[in-house]
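Novice: My structure is below; once you've seen it, I'll send some questions.
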Amino acid sequence: MTYIVTEACIKCKYMDCVEVCPVDCFYEGANMLVIHPDECIDCGVCEPECPPEAILPDSDPEAEKWLELNKDYSESWPNITRKGEVPTDADDYRDAKDKFEKFFSADPGQGS
Ligand code: SF4
Ligand code: SF4
């Protein structure tokens, strides 16, 4: 069992989740975060912290299509353990649809 990040995180990246994760298993892309499924201990504390509700348990039917993305990019993006600067336009994208198709970037973030 693990939790995963869905496309709702893209261009929001509030990073409240990284502050509460006890095992520091978030990884940072240019405009979203992912969770390393093998490192997540399934504690669930990050889920209610995420403003756009981007974090789901992998038991959720919606989670399945994002599991590979979390797995793949947590291997190549840098680890992030502290909240960085939130994009100034994050709220503008909070309810945007089809964020993966429109805005996903495979580029790594800076990590911390
Ligand atoms: S709190 Fe949610 S939106 Fe913010 S970085 Fe974490 S997963 Fe993404
Ligand atoms: S469920 Fe717990 S261990 Fe997994 S990412 Fe969230 S806070 Fe970290």
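Novice: For F103, F26, what ranking results if the residue with the fewest other Cβ atoms within 10 Å of its Cβ goes first?
Specialist: On the way: F103 15, F26 25.
By the 10 Å Cβ count, ascending, the order reads F103, F26.
Novice: Sticking with this one: Expressed as a rounded percentage, what relative contact order does segment 1-42 have, with Cα pairs under 8 Å and six or more residues apart?
Specialist: Details: 51 pairs, mean separation 22.4, N = 42.
Worked out over segment 1-42, it gives 53 percent.
Novice: What is the ratio of the Cα radius of gyration of the chain to 2.2 N^0.38 Å, with N the residue count, to two decimals?
Specialist: Values: Rg = 12.3 Å, N = 112, 2.2 N^0.38 = 13.2 Å.
That works out to 0.93 for the chain.
Novice: Need the list of lysines near K11 for cross-linking: C-alpha distance under 17 angstrom, and skip anything on the same chain fewer than eight residues off.
Specialist: Straight-line reach from K11, under 17 Å: K83, K97, K99, K102.
Novice: For a test of the definition: using alpha carbon positions, the gyration tensor, and the 1.5 limit on a/c, classify segment 1-51 as rounded, prolate or oblate.
Specialist: On the way: a/c = 1.71, a/b = 1.42, b/c = 1.21.
Prolate.
Novice: Relative contact order, percent, of segment 3-79 when contacts are C-alpha pairs under 8 Å separated by at least 6 residues?
Specialist: Once divided by the residue count of segment 3-79, the mean separation gives 43 percent.
Novice: Something else: Work through the residues other than R82 whose Cβ is under 14 Å from its Cβ and net out their charges, Lys, Arg +1 and Asp, Glu -1. Working shown, then result.
Specialist: Details: positive: K13, K83; negative: D16, E19, D24, E28, E85.
Every neighbour counted, the sum reads -3.
Novice: Whole-Hz ³J(HN,Hα) for each residue in segment 36-42, computed from phi via Karplus 6.51 cos²θ - 1.76 cosθ + 1.60 with θ = phi - 60°, x for glycine and proline: what do you get?
Specialist: 7, x, 7, 9, 4, 9, 6
Novice: To continue, here is another question. What spacing in nm lies between the two simple spin-label points modelled at C43 and D24, each 7 Å away from Cα in the Cβ direction?
Specialist: Label-label distance for C43 and D24, simple model: 1.4 nm.
We did not get these values from a lab; they are worked out from the coordinates using the rules stated. Treat the numbers as computed from the prediction; the structure is a model and nothing was measured. Methodologically, a virtual Cβ is constructed for each residue, glycine included, from the backbone with ideal geometry; neighbour enumeration extends over all protein chains shown.
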